[in-house]
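This is the structure, below, for whatever I ask next.
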């Protein structure tokens with residue numbers, strides 16, 4: 001990871017807002033005000049944002065791409081499980097289980113594109129869960145015969161609440177925000193990078 005966690009949080013909020021005041025940005029990003037000031041000054045110096053009464057991203061495509069080059073989804077801690085269903089059906093089943101136990105989750109990578117704009121048929125199911133929900137999720141999955149695996153077809157990335165910022169519910173399943181999805185796909189590489197490019201035009205006009 002080439003940028004700090006606080007900078008990521010600030011960028012994530014900025015890309016999901018048309019405009020925002022500094023104190024609101026600090027609150028939404030869960031970043032101390034002084035650190036938010038420092039991060040926004042750095043973004044302003046590089047031309048990614050403009051600051052008046054409000055802060056506004058000058059070029060969403062440029063900032064999204066810069067963020068995607070600086071992080072990798074592969075760096076995140078994860079736990080894996082094995083499920084019998086194909087990903088298209090596993091997504092619905094997992095959504096039901098996780099909603100029932102009130103676990104915070106959101107699908108990403110090709111699982112998310114399968115829900116919002118199919119690009120390729122996913123071979124695995126990828127999602128974020130809150131790190132603090134790890135044991136609760138394991139227990140719920142075990143009851144449903146979704147068992148831990150060294151190399152499973154359900155991959156749960158363990159993250160903090162910032163990754164769920166502006167997530168959307170689509171047809172009964174939670175998916176990450178479009179900027180987060182772009183970054184995840186791009187950092188995944190291969191077909192992920194190609195799928196990410198399909199999202200850029202949407203992100204530019206959000």
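Rule-based calculations on the coordinates, nothing more; no lab input. This structure is a prediction, so every number in the text was calculated from the model and none was measured. FYI the Cβ positions are ideal-geometry reconstructions off the backbone, even for glycines, and counts take in every protein chain you see.
Springs between alpha-carbon pairs under 10 angstrom, Gaussian network model over the chain: which of 145, 187, 72 fluctuates most?
Most flexible of the set in this elastic network: 145.
Considering every pair of different Cα atoms, what Kirkwood radius, in Å, is found for region 57-130?
14.1
Which whole-number percentage describes the relative contact order of region 74-204, with Cα contacts under 8 Å and a sequence gap of 6 or more?
Answer for region 74-204 is 32 percent.
For residue 169 and residue 138 in one chain, what is 0.36 nm times their gap in residues minus the Cα-Cα distance, to one decimal in nm?
Gain in length upon complete extension: 8.9 nm.
Still on this structure, please answer the following. Give the span of the chain's Cα atoms along each principal axis, as three whole-Å numbers ordered largest to smallest.
Here the spans come out as 54, 32, 29 Å, largest first.
On a 0 to 90 degree scale, rounded to 10, what angle separates helix 87-100 from the longest Cα axis of the chain?
With both axes taken from Cα atoms, the answer is about 80 degrees.
Checking a compactness column here: for region 5-70, what do you get for Rg(Cα) / (2.2 N^0.38 Å), N being the number of residues?
0.96
Give the angle, between 0 and 90 degrees and rounded to the nearest 10, that separates the Cα long axis of helix 178-188 from the longest principal axis of the Cα atoms of the chain.
Roughly 70 degrees, rounded to the nearest 10.
Mind pulling the angle between the C-alpha long axis of helix 5-15 and the longest principal axis of the chain? Nearest 10 degrees, somewhere in 0 to 90.
Its long axis makes an angle of about 80 degrees.
What does the extension gain come out to for residue 46 and residue 145, with contour length at 0.36 nm per residue minus their alpha carbon separation?
Residue separation times 0.36 nm, minus the Cα-Cα distance, leaves 30.6 nm.
For region 84-168, which semi-axes, largest first and in whole Å, follow from the square roots of 5 times the eigenvalues of its Cα gyration tensor?
So the equivalent ellipsoid measures 18, 17, 11 Å along its semi-axes.
Now a separate question. Taking only Cα atoms and a 10 Å spring cutoff, compute GNM fluctuations for the chain and point out the largest among 142, 174, 153.
Among 142, 174, 153, the largest GNM mean-square fluctuation belongs to 142.
Subtracting the Cα-Cα distance from 0.36 nm times the residue separation, let me have the gained length for residue 33 to residue 200 in nm, one decimal.
Between residue 33 and residue 200, full extension yields an extra 57.1 nm.
Can you grab the distance from the C-alpha centre of region 108-184 to the C-alpha centre of region 18-45, Å, no decimals?
The distance from the Cα centre of region 108-184 to that of region 18-45 comes to 28 Å.
Which of the peptides 162-168, 25-31 is most tightly packed, and how do the rest follow, judged by the mean count of other Cβ atoms within 10 Å per residue?
25-31, 162-168
Pairs of alpha-carbon atoms within less than 8 angstrom and 6+ residues apart define the contacts here; what relative contact order does region 1-154 have, in percent?
21
Based on DSSP H runs of at least 4 residues, each adding -39500 (n - 2.57), what is the mean residue ellipticity at 222 nm of the chain after dividing by all its residues, to the nearest 500 deg cm²/dmol?
-14500 deg cm²/dmol
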